[in-house]
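Bear in mind that the values in this text are calculations on the coordinates, not laboratory data. Worth saying up front: this structure is predicted, and the values here are computed from it rather than measured. No Cβ is skipped: glycine too gets one built from the backbone with ideal geometry, and neighbour counts run over all protein chains shown.
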Amino acid sequence: MKKCIIQTKDLCKSYINGKSGNHVLKNISVTFYEGDFTIIMGSSGSGKSTLLYSISTMDKPTGGSVNLLGQDITKIGEQEAARIRNKEISMVFQSINLLPDLTAKENVAYPGYRVGKKQEINEKVDELFASFGLTDQSNKHPAEMSGGQQQRVAIARALVTSPKILFADEPTGALNSSSSEQVLDLMTEINEQGQSIIMVTHDIKACARGNRLLFLSDGHITGDITLGKYNPEEKKEREETIFQFLKEHNW
Ligand SMILES: Nc1ncnc2c1ncn2[C@@H]1O[C@H](COP(=O)(O)OP(=O)(O)OP(=O)(O)O)[C@@H](O)[C@H]1O
Ligand SMILES: [Mg+2]
């Protein structure tokens, strides 16, 4: 039995403007499991980012509950939410947001210093850079690196605190296809090592890396399939399966 890491019950999120309401998430009850690489898919404006932020303390739902790692995050204050974001989970975004005046290594190490001893964090950073093939980028500034290299540094930064869950919102959205592949290879690799990942994307190639695919439409999860482990040799077949699944859900 897989362990539950997030469980929502009747999760709702609405934006009210004037008399009319935009009901983005409508009574969503869904469970996410440890070790999975879960993908959230859906058309633009369907609420993928809203769902991701609502389950990760980044945004406040307007109804229902969200149990994140054993705690109902709809009932906690900003201080506890910040603690969770610093120590329990991490986030990567389409816009990479590395600090321009720091080297790659400093960008990764600094958030680590908040949670661990300097020496241990420095060792962890070196390990992450070595395993991500980034050692030769360590002392470069973001402007001297490609988009793909920067995003891999951002993933290293997200992992330096050993988060229980890595959330990602379109992490390959701003990258060319070869950089995207490198970032996806990295995410596949860390997931194989046990990292739980929940990723929003609308790219089929990125979708194919997940082992579970949720489809969001009209405020509901209208599709939920579980696939086997990603195998690069079966990439084409997998992308075709996903394409059919998405077509059935009027993507
Ligand atoms: N802060 C906000 N205030 C008002 N409406 C918002 C706000 N944030 C999002 N929305 C609305 O919520 C809906 C869902 O937005 P969301 O960003 O979650 O969609 P998405 O599926 O991530 O889209 P995309 O693929 O374009 O990133 C949209 O109709 C959007 O206009
Ligand atoms: Mg979005």
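Using alpha-carbon pairs under 8 Å, 6+ residues apart, how would you state the relative contact order of segment 89-179 in percent?
Computed over segment 89-179, the figure is 50 percent.
Report, in listed order, any pair from Lys75/Lys205; Lys13/Lys117; Lys2/Lys75; Lys117/Lys235 with a Cα-Cα distance greater than 32 Å. Walk me through the intermediate numbers first.
Numbers: Lys75/Lys205 37 Å; Lys13/Lys117 39 Å; Lys2/Lys75 26 Å; Lys117/Lys235 41 Å.
Flagged as over cut-off: Lys75/Lys205; Lys13/Lys117; Lys117/Lys235.
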Can you tell me the Rg and the Dmax, both Å, for the Cα atoms in segment 88-140?
11.3, 31
Cα-based Rg and Dmax for the chain, in Å, come out at 18.2, 56
Candidate lysines for bridging to Lys118, where Cα separation is under 20 Å - those fewer than 8 sequence places away on the same chain excluded:
Lys87, Lys105
Tilt relative to the chain, helix 78-87 - C-alpha long axis, 0 to 90 degrees, to 10
50
Mind listing the phi-derived Karplus ³J(HN,Hα) values for segment 174-185, rounded to whole Hz, using 6.51, -1.76 and 1.60 with θ = phi - 60°, and x for any glycine or proline?
10, 10, 6, 5, 6, 5, 4, 4, 5, 5, 5, 4
Under 19 Å Cα-Cα from Lys140, which aspartates and glutamates qualify once same-chain neighbours fewer than 8 residues away are excluded?
Asp101, Glu106, Glu123, Asp126, Glu127
If amide hydrogens are placed 1.01 Å from N in the peptide plane, which non-local residues have theirs closer than 5 Å to the one on Tyr33?
Ile5
Rounding to the nearest 10 and keeping the result within 0 to 90°, find how far the Cα-based axis of helix 235-248 lies from the longest principal axis of the chain.
30
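Considering Cα pairs under 8 angstrom that are at least six residues apart, work out the relative contact order of segment 14-96 and quote it in whole percent.
On the way: 48 pairs, mean separation 15.4, N = 83.
It comes to 19 percent, rounded to a whole number.
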Less than 22 Å apart at the alpha-carbon level, and either on another chain or at least 8 residues along: which lysines does that give for Lys19?
Lys60
Computed magnitude of the charge dipole of segment 52-170 (debye, nearest 20; Cβ of K, R +1, Cβ of D, E -1)
260
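Quick one: order Tyr110, Tyr15 by neighbouring beta-carbon count within 10 Å, fewest to most.
Values: Tyr110 15, Tyr15 11.
The most exposed by this proxy come first: Tyr15, Tyr110.
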With +1 on each Lys and Arg Cβ and -1 on each Asp and Glu Cβ, how big is the dipole of the chain about its Cα centre, in debye rounded to the nearest 20?
740
If you plug each phi of segment 97-113 into the Karplus form 6.51 cos²θ - 1.76 cosθ + 1.60 with θ = phi - 60°, what whole-Hz ³J(HN,Hα) values come out, in order, with x for Gly and Pro?
6, 6, 6, x, 8, 9, 6, 3, 4, 5, 4, 7, 6, 4, x, x, 4
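First check a/c for segment 127-209, with a ≥ b ≥ c the square roots of the eigenvalues of its C-alpha gyration tensor; if it is under 1.5, answer rounded, and if not, answer prolate when a/b is larger than b/c or oblate otherwise.
Numbers: a/c = 1.82, a/b = 1.17, b/c = 1.55.
Here segment 127-209 falls in the oblate category.
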Ascending count of other beta-carbon atoms within 10 Å, so fewest first, for Lys60, Lys19
Lys19, Lys60
If only Cα atoms are counted, what is the Rg of segment 50-166, and what is its Dmax, in Å?
15.5, 48
Taking every pair of Cα atoms in segment 20-92, average 1/r, invert it to obtain the Kirkwood radius, and report Rg/Rh to two decimals.
0.95
Fewest to most Cβ atoms within 10 Å: Leu246, Leu68 sort as Leu246, Leu68
